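Enquirer: One structure, pasted below without further comment.
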Amino acid sequence: MSKVTFRISAAAAPYVGADKPRENRMQAAAGRVALPPGDLVLLLYYLCHDADQEVKQQAMATLRSLERPLLEQILSERELHSQVLDALVQLHGRKPEIAALLAGHQNLSEKAAAFLMAQRGAALAAPQAAPHAAPHKEHDLEEVDETIGPDDDEPIDEEEYQSKYQMAQAMGVGDKIKMAMTGDKEWRSILIKDTNKLVSGAAIKNPRMTESEVLAIAKSQIQNDEVIRVICANKDWIKNGQIRKALVENHKTPLPNALRFLGTLGEKDLANLAKSKNVNTIISTQARKILLSKKENR
């Protein structure tokens, strides 16, 4: 599991680490330390992983109680870590006035952005502008030995993200299209099946789409003709013989494309297609003709 090493300012360092006095850590977890907003929120996030349950719970409670003026200052920090943002989204993302601030941050993770979209539904036509960044103040930094991995226990365990499928159900068409164009494999697999053709059409154009995904789509009974046309027009994808075969067998494939791909298949595939009752009769007839021609030319 990869780990993320956070860098804590020298001013926050006395409150970090199991070797530091518990009294100091409790004071910091309660927010009773004089630190810039960016340092304070990172320290609180770090203390949410403290081995002492009381320290951990106090840090969570303090994060949860942060008020808008302080959150605005925190979110003006353009270098705020995405994992800290995830925690803030879980705690404050259901508040419309804070959700807009969170949605505008450049380091927002994909799952946090999707969560905010789902919360705001169709009302979120586009991410709102981020707050103006406050002038960055340089701090004397020192590396913290302890690391917090992205897959470790979530600091805010009582607030969970909805499943991506649930999020998709709550999204408007515009948000679905944006997520289809940029989302990961799970998002693509959900949105390629969307009944809105603009959404499924956007998913197939996602630059991260892989050949294995395209093969699965070509084998499926997808309802959007445009998705199949996009696959047929992609020179890299149709170099794959399995994809060409799947397209020949797919009833949504335009007949001229299917016949063109048919001529590139091997004899075993042609023989199966010639006998198949699951393809267009023109395809099976042409497969028999190609097989016969191959035998005559031997």
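Enquirer: Name the residue that is nearest to the chain's Cα centre (by Cα), counting only residues in region 231-240 that are in a helix (DSSP H, G or I) and surrounded by fewer than 19 Cβ atoms within 10 Å (Cβ to Cβ).
Expert: Ala233
Enquirer: So which residues in region 250-262 are more than 32 Å from the chain's Cα centre (by Cα) and in contact (Cβ under 8 Å) with a residue 12 or more places away in the chain? Outline the logic, then answer.
Expert: First, the residues of region 250-262 that are more than 32 Å from the chain's Cα centre (by Cα): 254-262.
Result: Pro254, Leu255, Asn257, Ala258, Leu259, Phe261, Leu262.
Enquirer: Now, a different point. Please return the ranges of helices (runs of 4 or more DSSP H) entirely within region 37-92 where 1 or more residues are assigned by TED's automatic domain parsing to the domain that holds Arg25, over 21 Å from Lys111 (Cα atoms) and not hydrophobic (A, V, I, L, M, F, W, C).
Expert: Numbers: elements: 37-47, 53-65, 68-75, 82-92.
So the answer is 37-47, 53-65, 68-75.
Enquirer: When you check Ile228 against the structure, is it β-branched (Val, Ile, Thr) and more than 20 Å from the chain's Cα centre (by Cα), yes or no?
Expert: Answer is yes for this residue.
Enquirer: Sort out which residues of region 204-215 are part of a helix (DSSP H, G or I) and in contact (Cβ under 8 Å) with a residue 24 or more places away in the chain, and write them in order of number.
Expert: Once the filter is applied, which keeps residues that are part of a helix (DSSP H, G or I) and in contact (Cβ under 8 Å) with a residue 24 or more places away in the chain, region 204-215 yields Ile204, Glu211, Glu213, Val214, Leu215.
Enquirer: Which of the following residues is among the hydrophobic types (A, V, I, L, M, F, W, C), in contact with a helix residue (DSSP H, G or I) (Cβ under 6 Å, 6 or more places away or on another chain) and surrounded by 13 or more Cβ atoms within 10 Å (Cβ to Cβ): Ile228, Ile217, Ile243, Ile222?
Expert: Within the list Ile228, Ile217, Ile243, Ile222, the selection yields Ile243.
Enquirer: Out of Glu97, Glu23, I need the residue that is in a helix (DSSP H, G or I), of a type in the set (Asp, Glu) and either closer than 27 Å to Ala118 by Cα or in contact with a strand residue (DSSP E or B) (Cβ under 9 Å, 6 or more places away or on another chain) (or both). Which one?
Expert: Details: Glu23 fails: either closer than 27 Å to Ala118 by Cα or in contact with a strand residue (DSSP E or B) (Cβ under 9 Å, 6 or more places away or on another chain) (or both).
The conditions single out Glu97.
Enquirer: Further question on the same structure: Considering every residue within region 71-81, establish whether at least one is surrounded by fewer than 19 Cβ atoms within 10 Å (Cβ to Cβ), at pLDDT below 85 and of a type in the set (D, E, K, R).
Expert: Within region 71-81 (the criterion being surrounded by fewer than 19 Cβ atoms within 10 Å (Cβ to Cβ), at pLDDT below 85 and of a type in the set (D, E, K, R)), the answer is yes, since at least one residue qualifies.
Enquirer: Name the single residue, out of those in region 82-107 being surrounded by 20 or more Cβ atoms within 10 Å (Cβ to Cβ) and among the polar types (S, T, N, Q), that is farthest from Asp175 (Cα to Cα).
Expert: Within region 82-107, the match that is farthest from Asp175 (Cα to Cα) is Gln83.
Enquirer: Would you be able to tell me the number of residues in region 198-225 that are more than 21 Å from the chain's Cα centre (by Cα) and not hydrophobic (A, V, I, L, M, F, W, C)?
Expert: Number satisfying all stated conditions: 6.
Enquirer: Specify which of the listed residues (Thr195, Thr285) is assigned to a helix (DSSP H, G or I) and loosely packed, with under 15 Cβ neighbours inside 10 Å.
Expert: Sole residue among the options that is assigned to a helix (DSSP H, G or I) and loosely packed, with under 15 Cβ neighbours inside 10 Å: Thr285.
Enquirer: What about Ala113, is it out of contact with any Phe, Trp or Tyr (no Cβ under 7 Å at 6 or more places or on another chain), of a type outside the set (S, T, N, Q) and modelled with pLDDT of 90 or more?
Expert: No.
Enquirer: In region 178-221, which residue that is touching an Asp or Glu at 6+ places or on another chain (Cβ under 8 Å), polar (S, T, N, Q) and under 24 Å from His251 (Cβ atoms) is modelled with the highest pLDDT?
Expert: So the residue we want is Ser200.
The values are calculated or read from the model by the stated rules, or taken from the named source; none is laboratory data. For clarity, every value in this text was computed on a predicted model and none was experimentally measured. As a convention, Cβ positions derive from the backbone with ideal geometry for all residues, glycine included, and neighbour counts pool all protein chains shown.
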